[in-house]
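Following: one structure in structure tokens, then a few remarks.
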Amino acid sequence: MAMSTIEKLYQRYRISIFRYLYRMGGDYHLADELTQETFCRAFVSLDGFRGESALSTWLFRIAYYVYTGYLRGCPGERNLPLNHDIPDVNSTSDPARHLEEVENLRLVRLVLEQLPVDYRAVIILREVEGLTFEEIGAILGKSPAAARVTLFRARQKFYQLHKQLEGDDHD
């Protein structure tokens with residue numbers, strides 16, 4: 001039995017879309033739910049896809065709008081759970097190094113939580129997903145130059161908040 005177009009899209013891009021949504025919200029179950037919603041919307045809109053961008057860019061754009069729509073519906077639930085992505089204690093023989101890695105991940109999550117959603121998105125899309133500025137711009141509805149500027153500002157804000165929170169932890 002031949003797979004439908006949407007099944008092929010789902011098989012090819014579900015992990016990337018899930019990973020993106022997971023990093024945006026920090027919750028496995030939420031990311032799973034929003035991934036399903038992204039592909040449902042893609043299925044409904046597939047006939048309207050004009051090929052002006054790559055399919056992956058189009059799907060990330062849908063995922064971005066699904067996520068921001070979720071945030072509008074639950075404004076109080078923006079916090080990222082801090083119990084994910086904790087390094088396995090067995091992966092290192094140095095307990096001090098392990099604690100340092102855990103603390104660094106906790107700090108990164110706290111900083112990401114405080115960033116505006118478009119800053120968080122541009123950092124994840126560029127640094128984690130490795131997308132180009134053209135792709136990021138298409139996803140966020142900006143020009144590539146505006147995506148580049150947004151990433152620059154997002155990094156500045158990230159470093160500023162990181163330094164602030166790091167200082168708070170050592171006071």
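A few points about this structure:
- All positions within the range 47-104 that are on the phi > 0 side of the Ramachandran plot and at pLDDT 60 or above: Gly51
- Total residues in the range 21-59, condition more than 27 Å from Glu113 (Cα to Cα) and part of a loop (DSSP other than H, G, I, E, B): 6
- Filter result (of a type in the set (Gly, Ala, Ser) and not in a loop (DSSP other than H, G, I, E, B)) within the range 115-137: Ala121, Gly137
- Matching residues, the range 135-171, being among the charged types (D, E, K, R), over 21 Å from Arg109 (Cα atoms) and in contact (Cβ under 8 Å) with a residue 12 or more places away in the chain: Glu135, Arg148
- Unmet requirement for Thr38, which otherwise passes all of (1) polar (S, T, N, Q); (2) modelled with pLDDT of 90 or more; (3) buried (at least 17 other Cβ atoms within 10 Å of the Cβ); (4) under 15 Å from Gly141 (Cα atoms): (4)
- Restricting the range 138-156 to residues that are in a helix (DSSP H, G or I) and of a type outside the set (A, V, I, L, M) leaves a set whose member that is surrounded by the most Cβ atoms within 10 Å (Cβ to Cβ) is Thr150.
- Arg120 touching a residue at least 60 places away in the same chain (Cβ under 8 Å) and not small (Gly, Ala, Ser): yes
The values are calculated or read from the model by the stated rules, or taken from the named source; none is laboratory data. Computed from a prediction, not measured in an experiment: that's the story for all the values here. Methodologically, a virtual Cβ is constructed for each residue, glycine included, from the backbone with ideal geometry; neighbour enumeration extends over all protein chains shown.
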